[in-house]
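Please read the structure below before turning to the comments.
The values are calculated or read from the model by the stated rules, or taken from the named source; none is laboratory data. Nothing here was measured: the structure is a model prediction, and the numbers come from that model. Ideal geometry is used to build each Cβ from the backbone, glycine not excepted, and the neighbour counts take in all protein chains shown. Side chains are part of the model used for accessible areas, which takes the heavy atoms of the whole protein and leaves out ligands, DNA and RNA. Shrake-Rupley method; radii C 1.70, N 1.55, O 1.52, S 1.80 Å.
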Amino acid sequence: MSIPALGLGTFRLQGQAAIDSVRNGLEVGYRAIDTAQIYGNEAEVGTAIAASGVARADLFLTTKIWIENLSRGKLVPSLKDSLAKLRTDHVDLTLIHWPSPGGAVPVAEFMGALAEAREQGLTRQIGVSNFTIALMREAIDAVGAGAIATNQIELHPFLQNRKVAEFARSQGIHITSYMTLGYGSVLQDPVIGRIAARLSATPAQVVLAWAMQLGYAVIPSSTRRANLESNLGALAVRLNDADMAAIAALDRGGRLTSPEGLAPVWD
Ligand SMILES: NC(=O)c1ccc[n+]([C@@H]2O[C@H](COP(=O)([O-])OP(=O)(O)OC[C@H]3O[C@@H](n4cnc5c(N)ncnc54)[C@H](OP(=O)(O)O)[C@@H]3O)[C@@H](O)[C@H]2O)c1
């Protein structure tokens, strides 16, 4: 069991834009797709996959359970709804999208329900997202570190999230970086621009290669086929130690995602 190094993000993509992005992504070679119940595009992702002709066995599908569906009675039925929309009998990875606000549903309850979903064959692997170290500890207490495939967190050159990443590493939990491109913001950085010019790569390729070289999975999104295609090229980009050190120095606590009422107290 493992997490693909590079997949396709679908946050914000609605209707035809979601179908087009997934179709283009599959055509240029993506085989891992990240969606979520709250994105409102699972059905469009399912439509694009069905039309693509790509075999289900060749795909790695991730979805995420929304906070309203965390209770024991709701989690599995909500995942079954997601599977129907995605037109599949299982996903490869199911994440708890955000911890339950105010701890309304205990971590042990939703992690237990998620483990049950895996036992029922609805998902091959399970994991969490936006979890702090304290919340990861609770999740580990509930199901064991070995059962948690990943913690998907905001992580890019301006927010390197080292404490969480180091704790996850110590527990054998993979980190998936979301917003690796800082929703485009890090692509203007002159340090990244200089590395990209030297390597004849794009800034996006440099940032994605940086994250993958640190051992993180990445799931960049794009509405443009050319960007989708060139982002895949990050798999062939190799940064040297000086490049890695220069990007390490760009960390500035630049968090972009911290929704009020949803975000935990960050590490
Ligand atoms: N677990 C969570 O709570 C959570 C939160 C946020 C995101 N995510 C996941 O992570 C994925 C990635 O995050 P994100 O989509 O918010 O941000 P992102 O991947 O960091 O950035 C996407 C933005 O970068 C631009 N872009 C992409 N490739 C580019 C390139 N080669 N050159 C220039 N611009 C480029 C895109 O614009 P164009 O469309 O113009 O290319 C888009 O505006 C999401 O889609 C979602 O699946 C998860």
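Some notes on this structure:
- Any pair with Cβ under 7 angstrom, 6 or more apart, that starts in region 64-79 at a residue that is at pLDDT 95 or above and ends at one that is of a type in the set (Asp, Glu): 71/109; 72/109; 76/116
- For region 230-258, the candidate set comprises residues that are farther than 17 Å from residue 199 by Cβ and within 9 Å of the ligand (Cβ to nearest atom); within that set, the residue that is most open to solvent (accessible area, probe 1.4 Å) is 256.
- Matching entry among 6, 26, 59 (being within 12 Å of the ligand (Cβ to nearest atom) and hydrophobic (A, V, I, L, M, F, W, C)): 6
- Only one of the listed residues (134, 142, 117) is open to solvent by less than 10 Å² (accessible area, probe 1.4 Å) and more than 16 Å from the ligand (Cβ to nearest atom). That residue is 117.
- Lone unmet requirement of (1) in contact with a strand residue (DSSP E or B) (Cβ under 8 Å, 6 or more places away or on another chain); (2) within 16 Å of residue 257 (Cβ to Cβ); (3) open to solvent by 30 Å² or more (accessible area, probe 1.4 Å); (4) not charged (D, E, K, R) for residue 161: (3)
- Pairing each residue of region 27-54 that is within 14 Å of residue 83 (Cα to Cα) with any residue that is in a helix (DSSP H, G or I) and open to solvent by 10 Å² or more (accessible area, probe 1.4 Å), provided the two are 6+ apart or on different chains, yields C-beta distances under 6 Å for 42/85; 43/85; 44/19; 46/85; 47/19.
- Checking residue 129 against (1) surrounded by fewer than 19 Cβ atoms within 10 Å (Cβ to Cβ); (2) under 22 Å from residue 267 (Cα atoms); (3) among the small types (Gly, Ala, Ser), the condition it does not meet: (1)
- Qualifying positions in region 9-23 - near the ligand (Cβ under 10 Å from one of its atoms) and polar (S, T, N, Q): 10, 21
- For region 206-226, a residue qualifies if it is closer than 14 Å to residue 183 by Cα and in contact with a Pro (Cβ under 8 Å, 6 or more places away or on another chain), and the qualifying residues are 207, 208.
- Per-region count, region 165-216, residues open to solvent by less than 30 Å² (accessible area, probe 1.4 Å), touching a residue at least 12 places away in the same chain (Cβ under 8 Å) and part of a helix (DSSP H, G or I): 15
- Of all the criteria given as (1) of a type in the set (Asp, Glu); (2) within 24 Å of residue 177 (Cα to Cα); (3) open to solvent by 10 Å² or more (accessible area, probe 1.4 Å), the one not satisfied by residue 89 is (2).
- Criterion: modelled with pLDDT of 95 or more, of a type in the set (Gly, Ala, Ser) and closer than 30 Å to residue 110 by Cα - qualifying residue of 149, 196: 149
- Failed condition for residue 77, given (1) buried (at least 24 other Cβ atoms within 10 Å of the Cβ); (2) farther than 29 Å from residue 30 by Cβ: (1)
- Residues that are in contact (Cβ under 8 Å) with a residue 60 or more places away in the chain and either among the basic types (Lys, Arg) or part of a loop (DSSP other than H, G, I, E, B) (or both) are absent from region 240-249 altogether.
- Residue match in region 49-59 (condition: within 24 Å of residue 208 (Cα to Cα) and either open to solvent by less than 30 Å² (accessible area, probe 1.4 Å) or not aromatic (Phe, Trp, Tyr) (or both)): yes
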